[in-house]
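Novice: Can you read through this structure? Questions will come right after.
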Amino acid sequence: MAMLKDGTIIIATGGGTVGAIKPGSFKLSKETVVAGGATSIAVRGMGHEIYVGVNKGNIYRIEYSKFRPICVNSCHYSGVMDVAFPAGEGNLFATCSKENIRVWVTKTSSEALRISVPNMTCHGVSFMQDGKSIISAWNDGKIRAFYPESGREMYTIHDAHKQGVTAIATTNDSSRIVSGGGEGQVRVWNIFPKRQQMKAAMKEHKGVVTCIKIRKENKECVSASDDGTCIIWDLNRFVRNQIIFANTLFKAVCYDPFESQLLTGGSDRKISYWETLDGSQIREMEGSADGSINGLDISRHSSVSFSTT
């Protein structure tokens, strides 16, 4: 609640209603609705503008004369689960969280697109390499694809994983999706113009698959799991090529630019380097002082690695 200079009371409710109450009559003279329950309110200057913050991560500006809300800033209101850039493109990127996927403009940090799926959580997001679709992994066991221009749903793969889809990646030729699930399976999907078909299911992980990365030539991928293993899979024969064991809950994995080594991160707070040929550890270094390594990538020249905690 806030009060203007003339005594008008501005109210904002948990149901999203914002109103102006005239002094004396105590009746609503103006009213509008914002998306989400109001958590804060501020008045600018003499009261010509009102700012309202809501529990859905948005800040609205309301001109008192028109009393129509305009969203001026937004963000996710729960933990960000994944971040993805389109292939060869740095002007846009996508993030996913509870109930929605958002596409952002890199230079301005402004929201360009929001894709909402109520009451669901998106665990992973990826752009198809041809840029024609956004692929996403959801906790209801479905893989959903959306048009990047409009956010309209392109197709849905139902029952992709029994315990939710927890990781996702796409091949460079845009013909396949590789997904991981809460039950530990890694599945390969063929994507056709009119249909989607499961090609293979690979089961060796005993825990949740947390991350999947595919090699450039599309013949091999690596999956990380919180069971303490990373497995390199042959995408032609759909069998294991190599396995890595460690005393950690793996959260992130990626290939180095030459694809001769793997980088991993997890609950032990260390960034480790491994040989892809035999799975032997090359070296490890501290990646975090007090939290697990939840995300990992490396620069094109192998000189800088990036991690999130």
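The values are calculated or read from the model by the stated rules, or taken from the named source; none is laboratory data. What you see is a predicted model; the values in this text were computed from it and never measured. Note that each Cβ is placed from the backbone with ideal geometry, even for glycine, and that neighbours are counted across all protein chains shown. Surface areas here come from the heavy atoms of the whole protein model, side chains and all, with no ligands, DNA or RNA. Shrake-Rupley method; radii C 1.70, N 1.55, O 1.52, S 1.80 Å.
Novice: First check a/c for region 92-175, with a ≥ b ≥ c the square roots of the eigenvalues of its C-alpha gyration tensor; if it is under 1.5, answer rounded, and if not, answer prolate when a/b is larger than b/c or oblate otherwise.
Specialist: oblate
Novice: Cα convex hull of region 120-163: mean projected area in nm², to one decimal?
Specialist: For the Cα atoms of region 120-163, the hull's average projected area reads 3.0 nm².
Novice: Roughly how big is region 150-309's charge dipole about its Cα centre, with Cβ charges of +1 (Lys, Arg) and -1 (Asp, Glu), in debye to the nearest 20?
Specialist: 660
Novice: Computed from the mean reciprocal separation of all distinct C-alpha pairs, what Kirkwood hydrodynamic radius does region 159-309 have, in Å?
Specialist: One over the average 1/r among Cα pairs gives 15.4 Å for region 159-309.
Novice: Under 16 Å from a point 7 Å along the Cα-to-Cβ line of Val83: which residues of region 240-259 have their amide N that close?
Specialist: Only 252-254 fall inside the zone, counting backbone N under 16 Å.
Novice: Of all chymotrypsin sites (Phe, Trp or Tyr not before Pro) in region 1-66, which ones are in loop regions per DSSP and have a Cβ with at most 16 other Cβ atoms within 10 Å?
Specialist: Those that pass, being in a loop and sparsely packed, are Phe26.
Novice: For region 161-214, compute the orientation-averaged projected area of the C-alpha convex hull (one quarter of its surface), in nm².
Specialist: The number I arrive at for region 161-214 is 3.6 nm².
Novice: Points 7 angstrom from Cα along the Cβ direction at Lys22 and Cys75: gap in nanometres?
Specialist: In this crude spin-label approximation the distance works out to 4.0 nm.
Novice: Moving on to the next point. Find the percent of Cα-Cα distances in region 25-175 that exceed 24 Å, and round it to a whole number.
Specialist: Summing the P(r) tail past 24 Å for region 25-175 gives 42 percent.
Novice: How would Ser109, Ser126 rank on accessible area, largest to smallest, probe 1.4 Å?
Specialist: These residues rank, largest area first, as Ser109, Ser126.
Novice: Still on this model: Any chance you could run the full-extension gain for Ala201 through Glu217? It's 0.36 nm times the residue separation minus the Cα-Cα distance, nm to one decimal.
Specialist: The span from Ala201 to Glu217 would gain 3.7 nm if fully extended.
Novice: Could you put Ile134, Ile21 in order of accessible surface area, largest first, with the 1.4 Å probe and the full protein assembly present?
Specialist: Ile21, Ile134
Novice: Pick from Ile231, Ile143, Ile70: which residue has the top mean-square fluctuation in a GNM of the chain where Cα pairs under 10 Å get a spring?
Specialist: Result for the chain, Cα springs under 10 Å: Ile70 fluctuates most.
Novice: Spin-label point model (7 Å from Cα, Cβ direction): what's the Arg240 to Lys98 distance in nm?
Specialist: A separation of 3.6 nm, rounded to one decimal place.
Novice: Pull out a ≥ b ≥ c, the square roots of the eigenvalues of the alpha-carbon gyration tensor of region 222-269, then state rounded if a/c is under 1.5, prolate if not and a/b is larger than b/c, and oblate in the remaining case.
Specialist: Taking the square roots of the gyration eigenvalues as a ≥ b ≥ c, region 222-269 is oblate.
Novice: Quote to one decimal, in nm, the extra length available between Lys162 and Phe258 on full extension: 0.36 nm per residue of separation minus the C-alpha distance between them.
Specialist: Length difference between fully extended and current span is 31.1 nm.
Novice: Hey, with R₀ at 30 Å, roughly what FRET efficiency would Tyr155 and Asn91 work out to, going by the Cβ-Cβ distance, to 0.05?
Specialist: The calculated FRET efficiency here is 0.70.
Novice: Note down, for the chain, the three equivalent ellipsoid semi-axes (square root of 5 times each alpha carbon gyration tensor eigenvalue), biggest first, whole angstrom.
Specialist: Semi-axes (√(5λ), whole Å): 45, 21, 17.
Novice: If you place +1 on the Cβ of every Lys and Arg, -1 on the Cβ of every Asp and Glu, and leave all else neutral, what size is the dipole of region 38-157 about its Cα centre, to the nearest 20 Debye?
Specialist: I would put it at about 300 debye.
Novice: I've got another one for you. Efficiency by 1/(1 + (r/R0)^6): what FRET value for Arg44 and Asp140, r their Cβ-Cβ distance, R0 = 35 Å, to the nearest 0.05?
Specialist: 0.25
Novice: Could you tell me whether region 251-298 comes out rounded, prolate or oblate from its Cα gyration tensor? Rule is a ≥ b ≥ c as square roots of the eigenvalues, rounded for a/c under 1.5, then prolate if a/b exceeds b/c, otherwise oblate.
Specialist: prolate
Novice: Around Glu63, under 15 Å between beta carbons, what's the net of Lys plus Arg minus Asp minus Glu among the other residues?
Specialist: Net charge around Glu63: +3.
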